[in-house]
Amino acid sequence: MEYNVLTIDIFKNNDLFDRLSKYNYIIELGDHVDLIDKAPYPAWFVPKTQVFNPTVRSYPNVDSISCDPKWKINLTIVNYMVVFLSHVLYQDRKDIIIEDMGCGVGYLFLYLSKLGFRNFSAIENFSHIPKPCFDALIYYVDGNVALNKVDINPHVINTTLNFFSRRITSDGNVFIELCLLPDYDKKIEKDNSLVYVNSNLELFVNFYHRRSSILGDDFKLLCVDSNDMTEAYCRKDKYNEFVEKLTPYKQGA
């Protein structure tokens, strides 16, 4: 167990999500919307009900905190953390590469691009959403979105709600595996290299599950959110810098 963990309130001292909400219309009215009904699991991707998608801790039920009006944008609520952290920690580094493992339609990239980020890595096996739906939404993203490219070296990895891994197979193709929560521990015991870690990686955002053993000794727990849903790890050499930037958002401070 880790003690004295920095707990942050992503809604404190900022209007970030209020400002981003003006872009909701793109997600609600874009060409991709007509394709959602063709998805194997369409309910997961309906824009206006994203905040009501079950979290890992509440699955298969709606999380009780979803009814709070503070959730202003069309993202599953566990994805709010990476938007906030990217905005606070990388305001002067908009050129970083942000990867979303299990990106679905790509809603996260749309909002991040409106914050000025331009380089994205999308990891998705399209088992839950048809690829044309993703393609239609990405048209509205201001920036470059690489799809299933394992030679991309992201600075930030987001892997919330479900856990995806990416690796190169013997024939050089991308292999993406979806691990749902019930099988999670067995997957970890069988494979200790589920996360693609490289020299660029600085920040890893994940649903609340304490994953330091996967990231290795070069990473440490940076913070958890005040809703007790999401945690973030950072490379140790970035820890002091990131903590200083996050201190104004510390819960109770």
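None of the figures in this text is laboratory data; all of them are computed from the coordinates on show. In this text the structure is predicted, and so the values were computed from the model without any measurement. Cβ sites come from the backbone with ideal geometry, for glycine too, and all protein chains shown count toward neighbours.
What lysines could a cross-link reach from Lys131, if we take a straight Cα to Cα line under 19 Å and drop same-chain neighbours fewer than 8 places away?
Cross-link targets: Lys38, Lys149.
Once fully extended, how much extra length lies between Leu115 and Lys238, figured as 0.36 nm per residue of separation less the alpha-carbon to alpha-carbon distance?
Working: separation 123, 0.36 × 123 = 44.28 nm, distance 2.17 nm.
Gain on extension, Leu115 to Lys238, equals 42.1 nm.
Per 0.36 nm of contour for each residue apart, how much would the distance between Ala43 and Asp31 grow if the chain were fully extended, relative to their Cα-Cα spacing? Provide the component values of the computation, followed by the final result.
Working: separation 12, 0.36 × 12 = 4.32 nm, distance 1.71 nm.
Full extension from Ala43 to Asp31 adds 2.6 nm.
Would you list Val243, Val82 from fewest to most Cβ contacts within 10 Å?
Ranking Val243, Val82 by Cβ neighbours within 10 Å, fewest first, gives Val243, Val82.
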